[in-house]
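Notes to accompany the following structure.
The values are calculated or read from the model by the stated rules, or taken from the named source; none is laboratory data. Keep in mind that what you see is a predicted model, and the values were worked out from it rather than measured. Backbone-built Cβ (ideal geometry, glycine too); neighbour counts: all protein chains shown.
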Amino acid sequence: MSTALAASVSQWRQALTEPGSSLSGHLHVIYGEHGDAWRQRYLRILDDFEATFGAQEGPVVISRCPGQMNIMGMHIDYGGMPSLRLAVKGHDTVTVVRQRDDDVARLHSRYEGPEGDRDFDPAEFSVRELASPDPLGDSRQALMEYAGQICTERERQTGSTIDDSWSILPQGQLVYLDSWLRGRDRTLTGLDAHVYSNVSPSGGMSSSSALVISTAYAALGMYGVVPGQDMTWEDAIDGVGTSEWIRGTRGGTADHGGMVLGLAGELVSVGVFPAQPCGNAPLPPEFVAVIFDSGVPRVYDEAGKEETVLAYPLGTFVVRDLLLPKRVGQLGWEGLRCDFHDRIELIRDITPENLGITSAQLSELLLEVPQKTSLSQVESWAAEEGQATAFSEMVAQDVGAKFPRITADVDIYLRRRFLFGLAEQDRVAATVDYLAAGDLPTVFELVRLSHEGDYDEEVEDAELEQIAQRAAAGDPRGRLAFVPGGYGRMTPAYDQFVVALNDFLSSYGQDAGAIQRLGAGWGGNVGGLISRRFLAGDERQALERLLRDDLGVHVDLDSCVATPGQGAGLLPAPA
């Protein structure tokens, strides 16, 4: 275990007890004015660790991972598209871990927050029995396929592909880390880990992903591995993040990227596949980010989630292999790049700039994407176009065992889902453009459009034709960013909560702010940017009345402010 990262509990405790220690200074950098409060909290976390696993002098590692907030770019990391994120300062998942000399992993977890404190059922398992029989290498594709096999077997045994236990999340990342370490001639051993978190589980701040990253960082720390230095961001974010698929969920990895790559005071553009920082910008000083718990329970529709996630690779196949080949040599399509097929790997690659076409032509292509289809229907279409082999290859790579609920004849609402992804990617770019131009009213319009994109509504021909006409005329609004799409992750009660807040903000002007759904949709937290004037005076009282009297939310408004903070990390061990 690296001495730069590890120390005995007594050494950690001594350094945390001294307000002037370098460790205390480090905590003040991370938590600001709340540094002393967190110093006391870390002492209590160490007490809980020893109460659970015993007082020993063996070295321990401490990691932390903040929750995160998505400002723009919902549901699009599945397709490798970047999104605007911030790490939420002061909302952390902390893991204290000590290495064992056997293969047993023992984990305890505690949550403390406004919903009440909770100790989760302890978990104990063998890391060797958990491991993949064959190393997965650093391949995200291999990890997804292995996760699909686990979920299929789980469904055979239990009737469900989902494992709802909290411990499946750290188990999943240990599967990945075991393979990563084996590829470097190292062996994952057992461990004792105590996890503390105040990241709200209500949805929106990605509490499950914070658990995955925090425990992964701690496990890596046992081997002296520092993510971003000894492990690439791609492995630390895309690899570790994809391990959540072992739970049975089908999420992307931008949440993990937001909480790893976060910067104090900054909005960070997070890229995925490969994970990478794609730029950052200060949060506009006259605005604050806020997160509200809607009180609407989250609905976990995994069958619906599989259909939406599958729409991205299926739509990409339709455009790349069935629609674009017909445009080659057509009048007006001379700009289409001759290597367009090689340029398209993921939905993110379907842009006018990458393909050498106009925005109007992209809208025309989307008119030919079926509103509703199925794998069997696309298979027949591919056979007619001489693309049967390409279809089989796409199914093997992008469907395989990853989507066990998607059979050949399941309805896939392709156009609305696929277009949402393309439009949301353009909304991220447009948000950056309009922020740079100081056009906050249009930024807030885009936030509201993003929220509407989760309605399960079709994108009709007339809507695309209008966007194409505007694009051809050089209208700045002739871009997909202004088309909501229809991803279908909304419940009426959840929508009504957001609409009520946006109607209230709009009554104070188009530059007052905007709110949208957060996380996977269907329920949980909502958030966005609002003017600082709602934190004081009459405007604050009016907002608090709306939340309390109309929406039934009793909160301290200051506690809802999400301040951009520093991303995940391993605490430096005391000297």
Looking at (1) in contact (Cβ under 8 Å) with a residue 60 or more places away in the chain; (2) surrounded by fewer than 14 Cβ atoms within 10 Å (Cβ to Cβ), find the lone condition where Asp549 falls short.
(1)
In segment 359-380, how many are farther than 20 Å from Glu345 by Cα, part of a helix (DSSP H, G or I) and touching a residue at least 12 places away in the same chain (Cβ under 8 Å)?
4
Within segment 520-575, track down each residue that is in contact with a Ser or Thr (Cβ under 6 Å, 6 or more places away or on another chain) and on the phi < 0 side of the Ramachandran plot.
Asn525, Val526, Leu570
Near pairs, Cβ below 8 angstrom, 6+ apart or cross-chain, from segment 382-393 (free of Cβ contacts under 8 Å to residues at least 60 places away in the same chain) to any residue that is in a helix (DSSP H, G or I) and of a type outside the set (Lys, Arg):
Ala383/Phe391; Ala388/Glu379; Ala388/Ala382
Of all residues in segment 540-560, how many are modelled with pLDDT under 95 and under 23 Å from Pro285 (Cα atoms)?
5
What is the one condition in (1) of a type outside the set (Ser, Thr, Tyr); (2) modelled with pLDDT of 95 or more; (3) out of contact with any Gly (no Cβ under 8 Å at 6 or more places or on another chain); (4) more than 30 Å from Phe420 (Cβ to Cβ) that Gly54 does not satisfy?
(2)
List pairs: first residue in segment 124-137 and among the charged types (D, E, K, R), second residue at pLDDT 95 or above anywhere in the structure, Cβ distance under 6 angstrom, at least six positions apart or on different chains.
Glu124/Arg106; Arg128/Asp103
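Okay, residues lined up against (1) of a type in the set (S, T, N, Q); (2) in a helix (DSSP H, G or I):
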| residue | (1), (2) |
| --- | --- |
| Asn502 | yes, yes |
| Tyr508 | no, no |
| Ile515 | no, no |
| Gly527 | no, no |
| Arg540 | no, yes |
Neighbours by Cβ (under 6 Å, 6+ apart or cross-chain): first from segment 324-352, in the same structural domain as Gly421 (by TED's automatic domain parsing) and of a type in the set (A, V, I, L, M, F, W, C); second modelled with pLDDT under 95 and crowded, with 18+ Cβ neighbours inside 10 Å
Leu346/Gly79; Leu346/Gly80; Ile347/Gly79
For segment 446-462, what are the residues that are surrounded by 19 or more Cβ atoms within 10 Å (Cβ to Cβ) and either touching a residue at least 40 places away in the same chain (Cβ under 8 Å) or over 18 Å from His75 (Cα atoms) (or both)?
Leu446, Val447, Arg448, Ser450, His451, Gly453, Asp454, Val459
Inspect all residues belonging to segment 293-304 and state whether any of them is in a loop (DSSP other than H, G, I, E, B), without any contact (Cβ under 8 Å) to a residue 40 or more places away in the chain and of a type outside the set (Phe, Trp, Tyr).
no
Set Ala481, Ala472: member being more than 27 Å from Ala289 (Cα to Cα), touching a helix residue (DSSP H, G or I) at 6+ places or on another chain (Cβ under 9 Å) and not basic (Lys, Arg)
Ala472
Can you go through Leu419, Leu414, Leu366 and tell me which one is of a type in the set (A, V, I, L, M), buried (at least 20 other Cβ atoms within 10 Å of the Cβ) and over 23 Å from the mean Cα position of the chain (by Cα)?
Leu366
Any idea which of (1) buried (at least 22 other Cβ atoms within 10 Å of the Cβ); (2) farther than 30 Å from Pro59 by Cα is the one Asp163 doesn't satisfy?
(1)
Name every residue in segment 155-192 that is among the aliphatic types (A, V, I, L, M), in a helix (DSSP H, G or I) and farther than 13 Å from Arg247 by Cα, in order of residue number.
Leu177, Leu181
Helices (runs of 4 or more DSSP H) wholly inside segment 398-500 that include at least 2 residues being over 26 Å from Val526 (Cβ atoms)
414-436, 461-472
Give me a count of the residues in segment 112-136 that are surrounded by 14 or more Cβ atoms within 10 Å (Cβ to Cβ) and of a type outside the set (D, E, K, R).
10
Would you mind stating whether Asp92 is farther than 30 Å from Asp558 by Cα and of a type outside the set (A, V, I, L, M, F, W, C)?
no
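Is it true that some residue in segment 46-61 is assigned to a strand (DSSP E or B), in contact (Cβ under 8 Å) with a residue 40 or more places away in the chain and small (Gly, Ala, Ser)?
As a first pass, look at segment 46-61 and keep what is assigned to a strand (DSSP E or B): 60-61.
Cutting the leftovers down to in contact (Cβ under 8 Å) with a residue 40 or more places away in the chain gives us 60-61.
With small (Gly, Ala, Ser) added as a condition, the list becomes none.
Within segment 46-61, not a single residue is assigned to a strand (DSSP E or B), in contact (Cβ under 8 Å) with a residue 40 or more places away in the chain and small (Gly, Ala, Ser).
Is it the case, given these coordinates, that Phe403 is within 16 Å of Ser83 (Cα to Cα) and in contact (Cβ under 8 Å) with a residue 12 or more places away in the chain? Don't jump to the end; show me each part of the working.
Working: within 16 Å of Ser83 (Cα to Cα): no; in contact (Cβ under 8 Å) with a residue 12 or more places away in the chain: yes.
No.
Among the residues that make up segment 221-233, is at least one of them acidic (Asp, Glu), outside any loop (DSSP other than H, G, I, E, B) and either surrounded by fewer than 24 Cβ atoms within 10 Å (Cβ to Cβ) or at pLDDT below 95 (or both)? Steps first, answer last, please.
Initial filter on segment 221-233 (acidic (Asp, Glu)): 230.
Narrowing further to those that are outside any loop (DSSP other than H, G, I, E, B): none.
Scanning segment 221-233 turns up no residue that is acidic (Asp, Glu), outside any loop (DSSP other than H, G, I, E, B) and either surrounded by fewer than 24 Cβ atoms within 10 Å (Cβ to Cβ) or at pLDDT below 95 (or both).
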Among (1) in contact with a helix residue (DSSP H, G or I) (Cβ under 8 Å, 6 or more places away or on another chain); (2) over 30 Å from Thr442 (Cα atoms); (3) in contact (Cβ under 8 Å) with a residue 24 or more places away in the chain, Met69 falls short only on (2)
